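Reading through the structure tokens given below for one structure.
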Amino acid sequence: MATKTLRELAKVVRSKNSGPFEITFDVIFDNRANYESVKASGALTVEGMCKLYGVAPDQVVTFMFFDPADAFKLTLKRSWAQGSVGERDTFGAQQHAPLLDVQVDMGPA
């Protein structure tokens, strides 16, 4: 079976603040075929995202595929408040990196 990473399939993979207590992740595709392949593959699941980010399912605020924009959105509760002591990424802009290497089964080679 052929596999590709989200890095190879998506046009945009990003993270950002969604308020001081949440962080949101966007995966945006520039063509419908890649979007539909990722959506159908089962590579993006609540369980998988929890494992990837080391959080419990009750920390997931939003998990959705948005067909009109060929996009996927995930929002998690932050484990630390924005700007708190020890803050390591106040804008949440560096938290998307683990998503880049998510493997997507593209079906038979």
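I'd like the full set of residues that are part of a loop (DSSP other than H, G, I, E, B) and either touching a strand residue (DSSP E or B) at 6+ places or on another chain (Cβ under 6 Å) or within 13 Å of Ser15 (Cβ to Cβ) (or both), limited to the range 89-109.
Asp89, Thr90, Phe91, Gly92, Ala93, Gln94, Gln95, His96, Asp101, Met106
Taking the conditions exactly as written (aromatic (Phe, Trp, Tyr) and in contact (Cβ under 8 Å) with a residue 60 or more places away in the chain), does Phe25 satisfy them or not?
Spelling it out, Phe25 is indeed aromatic (Phe, Trp, Tyr) and in contact (Cβ under 8 Å) with a residue 60 or more places away in the chain.
Filter the range 12-30 down to the residues that are of a type in the set (Asp, Glu) and surrounded by fewer than 19 Cβ atoms within 10 Å (Cβ to Cβ), then identify the one that is nearest to Val60 (Cα to Cα).
Within the range 12-30, the match that is nearest to Val60 (Cα to Cα) is Glu22.
Every residue in the range 62-89 that is over 16 Å from Val27 (Cα atoms) and either surrounded by 12 or more Cβ atoms within 10 Å (Cβ to Cβ) or not polar (S, T, N, Q) (or both), please.
Lys77, Arg78, Trp80, Ala81, Gln82, Gly83, Val85, Gly86, Glu87, Arg88, Asp89
Can you tell which of Val55, Val61, Val85 is out of contact with any Ser or Thr (no Cβ under 7 Å at 6 or more places or on another chain), among the β-branched types (Val, Ile, Thr) and modelled with pLDDT of 95 or more?
Going through Val55, Val61, Val85 in turn, the sole match is Val55.
Starting from residues that are more than 29 Å from Ser37 (Cβ to Cβ) and assigned to a loop (DSSP other than H, G, I, E, B), keep the ones in the range 64-82 and report whichever is modelled with the highest pLDDT.
Arg78
With the structure loaded, tell me whether Ala33 is among the aliphatic types (A, V, I, L, M), closer than 24 Å to Ala2 by Cβ and surrounded by fewer than 16 Cβ atoms within 10 Å (Cβ to Cβ) or whether it fails that test.
It is true that Ala33 is among the aliphatic types (A, V, I, L, M), closer than 24 Å to Ala2 by Cβ and surrounded by fewer than 16 Cβ atoms within 10 Å (Cβ to Cβ).
Give me the residue from the range 90-105 that is at pLDDT below 95 and crowded, with 17+ Cβ neighbours inside 10 Å and, out of that set, farthest from Lys39 (Cα to Cα).
Across the range 90-105, the extreme among qualifying residues is Gly92.
The conditions are (1) surrounded by 17 or more Cβ atoms within 10 Å (Cβ to Cβ); (2) farther than 16 Å from Asp105 by Cβ, and Ala43 fails exactly one of them. Which is it?
(2)
The values are calculated or read from the model by the stated rules, or taken from the named source; none is laboratory data. Bear in mind that the values here come from a model prediction, so they are computed numbers and not experimental data. Reconstructed Cβ throughout: ideal geometry from the backbone, glycine too, with neighbour counts over all protein chains shown.
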